[in-house]
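Here's the structure, in structure tokens; my notes come after.
The values are calculated or read from the model by the stated rules, or taken from the named source; none is laboratory data. Computed from a prediction, not measured in an experiment: that's the story for all the values here. A quick note on method: Cβ atoms are made from the backbone with ideal geometry, for glycine too, and the neighbour counts reach across all protein chains shown.
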Amino acid sequence: MRIVFIGPPGAGKGTQAERLIAVYGLAHLSTGDMLRAARDAKTEIGLQAESYMAAGQLVPDDVIVAIVAERLKAADCAAGFLLDGFPRTIAQAEALDRMLHERGTPLDVVLELRVPEEELFRRLAGRGRADDSPEVIRQRLVAYRQQTEPLLDYYEKKGLLKVIDGLGPVDEIFARIKAVLDPWTG
Ligand code: AMP
């Protein structure tokens, strides 16, 4: 199964992603995790990405597309993957389509974890990560609304989008996701 997982910061995507990869044996491709690792290791990409991340802004498309293209070549992606936090712009989605088309492995489904904005703010304020100051939270939500939300329409038009209600207990949300994935998993 090849899945794209979309949701605003604070929607609970990370928690659900961990379960998904465990249950379905998917490679977990989190661009946020990759960038944090690169930043902490002070690689060239990490140094390039650092200031954008600290400001809650998106890292330039060419940087992130290169990281994902490289990661998709790894053997563990052959059995299926969950893209978590990528794509985040239309340009990234188009680049992903090209990469997957070349490999002959199109996406199966795009999951949107939907949570109302007031609830996101409440959750993010309690999280306490370094890039979670109120101003940075606000900026990350703005980036989501302006740059990532257009992807929902993009994938809807391709017939790939499935919306998951992200409110409620973690187990219930996971059950909703599993129900949506039933056609692929039996
Ligand atoms: P995340 O953990 O997915 O929220 O990502 C943390 C930060 O990494 C984001 O606020 C962005 O600065 C950067 N980032 C992660 N994924 C992407 C992406 N696909 N495109 C651009 N920037 C990204």
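Which of (1) modelled with pLDDT of 95 or more; (2) within 12 Å of the ligand (Cβ to nearest atom) is the odd one out, the single condition ALA54 does not satisfy?
Of everything listed in (1) modelled with pLDDT of 95 or more; (2) within 12 Å of the ligand (Cβ to nearest atom), ALA54 misses just condition (1).
Where the second residue is not in a strand (DSSP E or B) and the first is among the charged types (D, E, K, R) and lies in the range 17-39, which pairs have Cβ atoms under 7 Å and are six or more apart or on separate chains?
Once the first residue is among the charged types (D, E, K, R) and sits in the range 17-39, its partners that are not in a strand (DSSP E or B) give ARG19/PHE174; ARG39/GLY46; ARG39/ALA49; ARG39/GLU50; ARG39/MET53.
So how many residues does the range 21-70 have that are within 21 Å of MET1 (Cα to Cα) and not in a helix (DSSP H, G or I)?
Residues that pass the stated criteria total 6.
Test each condition in (1) more than 19 Å from LEU151 (Cβ to Cβ); (2) surrounded by fewer than 20 Cβ atoms within 10 Å (Cβ to Cβ) for LEU124 and report the one that comes out false.
Here LEU124 meets the rest and fails (2).
Among the residues of the range 130-186, which ones are among the acidic types (Asp, Glu) and either closer than 19 Å to LEU83 by Cβ or touching a residue at least 60 places away in the same chain (Cβ under 8 Å) (or both)?
Across the range 130-186, the qualifying residues are ASP131, GLU135, GLU149, ASP153, GLU156.
Collect the residues in the range 161-177 that are closer than 18 Å to ARG122 by Cα and surrounded by 15 or more Cβ atoms within 10 Å (Cβ to Cβ), keeping them in residue-number order.
Matches in the range 161-177: GLY166 only.
So, in the range 35-51, of the ones that are in contact with a helix residue (DSSP H, G or I) (Cβ under 6 Å, 6 or more places away or on another chain) and near the ligand (Cβ under 8 Å from one of its atoms), which residue ends up farthest from LEU100 (Cα to Cα)?
ALA49
Say whether the condition of being free of Cβ contacts under 8 Å to residues at least 40 places away in the same chain, polar (S, T, N, Q) and out of contact with any Asp or Glu (no Cβ under 8 Å at 6 or more places or on another chain) is met by at least one residue in the range 44-59.
Yes, the range 44-59 contains a residue that is free of Cβ contacts under 8 Å to residues at least 40 places away in the same chain, polar (S, T, N, Q) and out of contact with any Asp or Glu (no Cβ under 8 Å at 6 or more places or on another chain).
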